[in-house]
Amino acid sequence: MSIVLNIGIILSFFLAILLFSKKDKVLTDNILSFWLVVIGFHLTGYYLKYNGYWEIYPHLIGITAPLPLLYGPFLYLYLVYSIQKSSSLKPIDYLHFAPVILSYLYMMPFYFFYSVEEKVKVDKGLVDDYGVFSAILLIGFIVSGLAYSIISYRKLLRRKKLVLDNFSYENRINLNWLQYSIIAIGFVFITAALVIIFREALGFEFPFNADILFYSIIVGFVVFVGYSGIRQQDLFSSAIKNEQELVNTESEYKKSGLKADTAMAKHKELLQVMENEKPYLNPKLTLNELSQRLDMSSNNMSQLINQYEQVNFYDFVNKYRVEDFIKRAQSNTNFSILAHALDAGFNSKSSFNGIFKKFKSETPSQFLAGLKK
């Protein structure tokens with residue numbers, strides 16, 4: 001257990017330092033940095049308790065108790081500012097930290113006025129001064145974590161829909177890693193809840209230290225989020241399209257409407273443009289760019305594709321790229337699969353493989369081998 005905690009503590013502070021020292025930091029770097037520092041102190045607090053330092057230095061008791069209440073807010077704020085451009089938090093964002101501040105204020109008498117003997121008695125449950133507060137803190141930690149995870153996940157799904165409706169490529173706008181992060185932190189809180197229910201409410205005695213489950217997941221979370229956050233440093237940069245523009249697109253789409261005859265004519269024109277001009281060969285093609293070719297608004301174009309093609313913009317464009325790749329691969333076998341994929345408008349090997357398998361239910365190699373039979 002000590003080894004797991006040591007790994008988590010070292011990684012938390014190390015990744016935080018890396019983020020703090022980055023050039024051209026953005027707000028999400030700072031949010032993630034502070035979150036990793038909080039996780040590092042939280043793991044350190046349990047490490048000291050686990051190895052008996054609370055008995056040697058009783059004044060350390062409870063110092064990190066309210067910190068888990070920060071996990072949910074940091075998760076939510078990191079997600080929010082990963083998908084919108086901003087250089088600082090809004091004043092209302094600081095309200096997310098209110099439970100932690102109030103908890104520390106409530107515990108001030110314990111930290112500064114309780115004697116060593118009194119702190120030990122409180123820790124061992126011999127004095128019930130903070131018994132109710134500890135229960136509330138524990139429940140608050142679980143409820144807060146699960147609530148923030150659910151809210152963040154729903155917000156991310158809405159964002160993913162907007163991205164798929166506006167972009168034809170995944171580079172720098174892949175949201176899967178954020179989705180996995182939310183699932184991971186949600187799993188942390190679910191695990192904690194189950195351990196508490198079985199151990200405290202049902203009186204079940206685990207044959208091992210059940211805390212290792214909870215803290216091992218946190219350590220894994222540190223590795224994944226820290227690595228992913230650093231890799232995605234330019235996620236949703238202004239070079240692509242900011243959150244407000246996507247929100248405007250969504251609101252305009254709800255108000256949009258095309259007459260039937262106009263829609264049919266524009267749909268026919270769209271298919272002709274795709275076949276003859278091949279705009280999909282541009283790896284960075286966006287809904288706005290395609291709309292301009294047909295003198296349409298982005299929201300009307302989105303409506304047109306959804307109505308007549310029954311797919312989002314992302315799938316609509318990549319369907320053409322897949323078919324173009326197949327034609328290229330069949331007509332010229334001197335080039336590699338990746339070369340043909342890039343020529344067809346894909347911008348990376350990983351996105352090409354994923355999209356191709358989505359449409360053809362086979363890998364590119366398997367599909368091409370089947371054509372030769």
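Some notes on this structure:
- Cα centre as origin, Lys/Arg/Asp/Glu Cβ charges: the chain dipole, Debye: 1180 debye
- The length gained by stretching the chain between Tyr111 and Val273 to full extension, at 0.36 nm per residue less their Cα-Cα distance, is 51.2 nm.
- Estimated from helical segments only, the mean residue ellipticity of the chain at 222 nm is -22500 deg cm²/dmol, where each DSSP H run of four or more residues counts as -39500 (n - 2.57).
- Each label point was placed 7 Å from the Cα along the Cα-to-Cβ direction; for Asn6 and Lys25 their separation is 2.9 nm.
- Against the criterion of solvent-accessible heavy-atom surface with a 1.4 angstrom probe, Lys268, Lys372 sort, most first, into Lys372, Lys268.
- Protection-proxy order for peptides 335-345, 354-364, each taking the mean of Cβ atoms within 10 Å per residue, highest first: 335-345, 354-364
- Evaluated at q = 0.13, 0.18 Å⁻¹, a Debye calculation over the C-alpha positions of segment 1-156 (equal weights, vacuum) places log10 I(q)/I(0) at -0.71, -1.19.
- Approximate spin-label separation Lys357-Glu55, in nm, with each point projected 7 Å along Cα-to-Cβ: 5.2 nm
- In this calculation the C-beta distance from Gln84 to Ala260 is compared with R0 = 45 Å, giving a FRET efficiency of 0.80.
- Identified option (computed Rg and Dmax of the Cα atoms in Å; candidates (i) 23.8, 74; (ii) 26.4, 84; (iii) 28.7, 108): (ii)
- Computed over the alpha-carbon pairs of segment 51-104, the distance histogram in 10 Å steps reads 20, 37, 24, 14, 5 percent, short to long.
- Inter-label distance, Gln179 to Asp128: 4.8 nm, where each label sits 7 Å from its Cα along the C-beta direction.
- Here segment 122-208 is treated with +1 on each Lys and Arg Cβ and -1 on each Asp and Glu Cβ, and its dipole about the Cα centre works out to around 700 debye.
- Intensity falloff of segment 18-108 expressed as log10 I(q)/I(0), Debye formula with alpha-carbon point scatterers, at q = 0.25 Å⁻¹: -1.25
The values are calculated or read from the model by the stated rules, or taken from the named source; none is laboratory data. Please read all numbers here as calculations on a predicted model, not as lab measurements. So basically every Cβ, Gly included, is an ideal-geometry build from the backbone, and we count neighbours across all protein chains shown. Accessible surface areas use protein heavy atoms only, side chains included; no ligands, DNA or RNA. Shrake-Rupley method; radii C 1.70, N 1.55, O 1.52, S 1.80 Å.
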